[in-house]
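**Q** Have a look at this one.
The values are calculated or read from the model by the stated rules, or taken from the named source; none is laboratory data. Since this is a predicted model, take the numbers as computed values, not measurements. Because the Cβ atoms are built from the backbone with ideal geometry, glycine has one as well, and the counts that use them run over all protein chains shown. Ligands, DNA and RNA are stripped out before the accessible areas are found, and what is left, the full protein with its side chains, is counted by its heavy atoms. Shrake-Rupley method; radii C 1.70, N 1.55, O 1.52, S 1.80 Å.
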Amino acid sequence: LPVLLLIGWFRGVKFFERDGTLRAGLVNGTIFGVEFVLIYQGLLYTSASRAVVFLYIAPFFVALGSYVFLGERLRPAQWAGLALSFAGVALAIGVPQANVDSKVLLGDLLIVAGGALWAATTLIVKTTPLIRAPAEKGMGYQVAVSIPIFVAAAWFSGERITHMPSPLSLTLLAYQAFWVVGLTFTLWFALVKIYSASKLSAFTFITPLFGVVASYLILNDTLTLAFGAAALLVIAGLYLVNKPE
């Protein structure tokens, strides 16, 4: 939050000016907070490779939401892409795998729910007064409202800080604060205001591929042929959903 406030101050953003965005901002911030609670809890049960595939089905939720709420028509290729994505998710969840049990499936479902809420935050921006708010203010709502949600979730789940975080942990936290939330999330918010929600999501369809490869190389996640095929189906489906005309 301090990073966002600093960037906004530098750009002359009036965070506390009345502009009709308060209600939508509070709703969007609540959804944002719950989204990450679901994602973090899901990662306790499922692998990073599975999580990144299920999380990044969010663009197809955006495509469906844009069709329903924004009147953006879907072409036959986009409907085919949705079908491929569904098939990929069904294959990833439904095919028996040696390292997948009920806890892993619960984690998968939590990640999917998080992805759906991510899509919801995008659609709320497009359909409420947040579309007129500076990106820093819109993102500020999400971060500020999520703080008490995270505190409550940490207390409810019994999380405790038992020792000083390591330099690596602090470095990763700084990376999240400055680069991920402070810059890339804010840029995403700004882009959502300008461009078609479904078309903008085209730039996220390659993320699952990077995530699956990175989880294998860095975290030593086990990958099976069935899951690899499922990931390719999801990625191919997202590409068709978001392919330019």
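**Q** Where the only charges are on Cβ atoms (+1 Lys, Arg; -1 Asp, Glu), what is the dipole of the chain about its Cα centre, to the nearest 20 debye?
**A** Dipole magnitude for the chain comes out near 600 debye.
**Q** What does the helix-only formula give at 222 nm for the chain: each DSSP H stretch with n ≥ 4 adding -39500 (n - 2.57), the total divided by the residues, and the result rounded to the nearest 500 deg cm²/dmol? Kindly include the intermediate steps, with their values, before the conclusion.
**A** Values: 12 runs with 169 residues, N = 245.
Helix contribution divided over all residues of the chain: -22500 deg cm²/dmol.
**Q** Follow-up. Ordering Asp108, Asp101 by how much accessible area each has at a 1.4 Å probe, largest first, what is the list?
**A** Asp101, Asp108
**Q** Also, I was wondering about something else. Can you list which of the GluC sites (Glu not before Pro) found in the range 2-106 are DSSP loop residues with at most 12 other C-beta atoms within 10 Å?
**A** Details: sites: Glu17, Glu35, Glu72; in loops: Glu17, Glu72.
Within the range 2-106, the qualifying GluC sites (Glu not before Pro) (loop, at most 12 other Cβ atoms within 10 Å) are Glu17.
**Q** Looking at the range 13-63, which chymotrypsin sites (Phe, Trp or Tyr not before Pro) are in a loop (DSSP not H, G, I, E or B) and have at most 13 other Cβ atoms within 10 Å?
**A** Those satisfying the criteria are Phe16.
**Q** Now for a separate question. So if a site counts as exposed when it's one of the trypsin sites (Lys or Arg not before Pro), its DSSP state isn't H, G, I, E or B, and it has at most 15 other Cβ atoms within 10 Å, what's the longest stretch of the chain without one?
**A** Details: sites that count: Arg11, Lys14, Arg18, Arg73, Arg160.
With trypsin sites (Lys or Arg not before Pro) excluded where exposed in loops, the chain gives 74-159 as its longest stretch.
**Q** Leaving out ligands and nucleic acids, and using a 1.4 Å probe, what accessible area per residue does the chain come to in Å²?
**A** Counting only protein heavy atoms, the per-residue value for the chain is 56 Å².
**Q** Around Val112, with a cut-off of 13 angstrom between Cβ atoms, what is the net charge of the other residues, counting Lys and Arg +1 and Asp and Glu -1?
**A** Counting the neighbours of Val112, the net charge comes to -1.
**Q** Follow-up question, since we're still on this one. Local charge sum around Ile7 (other residues, Cβ-Cβ under 12 Å, Lys/Arg +1, Asp/Glu -1)?
**A** On the way: positive: Arg11, Lys137; negative: Glu136.
Residues close to Ile7 contribute a combined charge of +1.
**Q** Still on this structure, I have one more. At 0.36 nm per residue, minus the direct Cα-Cα distance, what do Arg11 and Arg132 gain on full extension? Give it in nm, one decimal, please.
**A** Once the chain is fully extended between Arg11 and Arg132, it gains 42.0 nm.
**Q** I want to check the label-to-label distance for Leu187 and Val68. Put each point 7 Å from Cα in the C-beta direction and report it in nm to one decimal.
**A** Each label point lies 7 Å from its Cα, and together they span 3.1 nm.
**Q** Only Cα pairs within less than 10 Å get springs; with that Gaussian network setup on the chain, which residue of Trp118, Trp155, Trp188 has the largest fluctuation?
**A** Trp155
**Q** Taking θ = phi - 60°, what integer Hz values does the Karplus form 6.51 cos²θ - 1.76 cosθ + 1.60 yield along the range 129-144, in sequence order, with x for Gly and Pro?
**A** These are the phi-based 3J(HN,Hα) values: x, 4, 4, 9, 7, x, 4, 5, 5, x, 5, x, 3, 5, 5, 5 Hz.
**Q** Within the range 126-140, list the residues whose amide N lies under 18 Å from a label point set 7 Å along Cα→Cβ of Arg23.
**A** Once the point is set 7 Å along Cα→Cβ of Arg23, 126-133 turn out to lie under 18 Å by backbone N, inside the range 126-140.
**Q** What does the charge count near Ala135 come to, summing +1 for each Lys or Arg and -1 for each Asp or Glu among other residues with Cβ under 14 Å from its Cβ?
**A** Working: positive: Arg11, Lys14, Lys126, Arg132, Lys137, Lys193; negative: Asp19, Glu136.
My count for the surroundings of Ala135 gives +4.
**Q** Moving on to the next point. For Ala48 and Leu106, compute 0.36 nm times the residue count separating them, minus their Cα-Cα distance, and round to one decimal in nm.
**A** Value of the extension gain: 19.5 nm.
**Q** Right, something else. What distance in nm separates the two pseudo spin-label positions at Thr224 and Arg160, each 7 Å out from Cα along the beta-carbon direction?
**A** 3.8 nm
**Q** Once you've got the GNM for the chain with C-alpha springs shorter than 10 Å, pick whichever of Ala177, Ala135, Ala51 has the biggest mean-square fluctuation.
**A** Ala177
**Q** Between Ala214 and Phe86, how many nm apart are label points set 7 Å from Cα along the C-beta direction?
**A** About 3.1 nm, to one decimal.
**Q** Out of (i) 1.07; (ii) 0.98; (iii) 1.01, which label holds the value of Rg/Rh (Cα atoms, Kirkwood Rh) that was computed here?
**A** (ii)
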